[in-house]
Amino acid sequence: MKFNKRLIAGAIFAATASFALSAHAEGVDKITGAGSSFAYPIISKWAAAYKAEKGVEVNYQSVGSGAGIKQIIANTVDFGASDAPMTVEDLEKNDLTQWPLIMGGIVVVANIPGNKQGELTISGSVLADILMGKITKWNDPALEKLNPGKKLPDLAITVVHRSDASGTTAIFTNYLSKVSPEWKEKVGEGTTVNWLSKGNLGGKGNEGVASYTGRIKGAIGYVEYAYALQNKLPYMDMINSAGKRVAPTMKNFGAAAAHADWKGTPGFRVVLTDQPGDDSWPITGSTFAIVHTNPQNPAQVQAVLDFFKWSMANGQKAAEELHYIPIPGSVAEMIEASWAEKIKLK
């Protein structure tokens, strides 16, 4: 039996082209996310490497954790990111699931003439008093006691805080509520709070706080560690729960993160502030990725999971370069198991 080679070749080409066209039509070449400015530096770095390797664009907007949660609930993005973990009740109510994607430190930054990174120290209780407007000058006796031998200026303190609903603020105020009963009673914790100091200023995102603090002499603010480094802002050492002076380092962030009980905490809802241990950095936190458990577009959510699986496997070096603590391998396995259990992609 003779075969027409031209017809066979044409049929093979048509079938191949049809398959390629179908695969491209079904494929995802772009995913969108929004939320945490705390995690923006590392998500951006992961996104650039992922696009170069996989050809998939990750468009992530640093709009703050509160806005990120609103956008994922409204289904206007494929994933949200928040430094303040959602409650199990809110996750279930909104058909969502979350998991930790990175851990890192929040630092106190101060614009004092001549001040260098790590040169000055502050405690949680004194920090709370500054933010409540009880301490208004840098040469206050409480600050001088913490910094013997340091010449502190007779300079007014300007408090700079987040103006948007912020997971960084939630972590920061959670810490303050643990170390200052007065702060807990008068201010409390949350993504937004009522700042009591006179003349305080609000900046949008970690970027806004870093910008204001860098420009205003006497300013004090709080930002994710990478922003302090990128903007060359002098950060302060802190007194931790063990009464030890500690610096913001990978080792000390890791010491705090070592106490995380991801397995035993529903919804991975772990808060890492004021952890025990001589080396623990007191204001350590996590950023959580959030997706729908019954997504309207399963292919998009599958692409999100592919991106974060790739990040956990290939993004550790990039995370460490930006002074984040990567998710340990054992926790990554728990995260992937939770995806299989909770997210319906078929």
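The values are calculated or read from the model by the stated rules, or taken from the named source; none is laboratory data. Since we're looking at a predicted model, the values are computed, not measured. Cβ: placed from backbone, ideal geometry, glycine included. Neighbour counts: every protein chain shown.
Being surrounded by 18 or more Cβ atoms within 10 Å (Cβ to Cβ) and over 18 Å from GLY221 (Cβ atoms): is that true of SER177 here? So SER177 fits the description; yes. Annotation note: Cβ proximity below 7 Å between a residue of the range 142-153 that is under 14 Å from ILE239 (Cβ atoms) and a residue that is assigned to a loop (DSSP other than H, G, I, E, B) and hydroxyl-bearing (Ser, Thr, Tyr) (sequence gap 6+ or interchain) occurs for LEU146/SER123. Here THR121 clears all of (1) within 30 Å of GLY218 (Cα to Cα); (2) in the same structural domain as PRO295 (by TED's automatic domain parsing); (3) among the polar types (S, T, N, Q) except the condition numbered (2). With respect to (1) surrounded by 23 or more Cβ atoms within 10 Å (Cβ to Cβ); (2) in contact with a Ser or Thr (Cβ under 8 Å, 6 or more places away or on another chain); (3) not small (Gly, Ala, Ser), the lone exception for GLN275 is condition (1). Cβ separations smaller than 8 Å between residues 6+ apart or across chains give the following pairs from the range 209-236 residues that are within 16 Å of ALA247 (Cα to Cα) to residues that are among the aromatic types (Phe, Trp, Tyr) and part of a loop (DSSP other than H, G, I, E, B): GLU224/PHE38; ALA226/TYR324. In the range 221-246, what residues are over 14 Å from GLU207 (Cβ atoms), hydrophobic (A, V, I, L, M, F, W, C) and part of a strand (DSSP E or B)? MET238, ILE239, VAL246 - these are the residues of the range 221-246 that are over 14 Å from GLU207 (Cβ atoms), hydrophobic (A, V, I, L, M, F, W, C) and part of a strand (DSSP E or B).
Using the structure shown, decide if TYR222 is touching a Gly at 6+ places or on another chain (Cβ under 8 Å) and within 25 Å of LEU146 (Cα to Cα). In short, no. Could you tell me whether VAL291 is in a loop (DSSP other than H, G, I, E, B), within 17 Å of the chain's Cα centre (by Cα) and in contact (Cβ under 8 Å) with a residue 12 or more places away in the chain? No.
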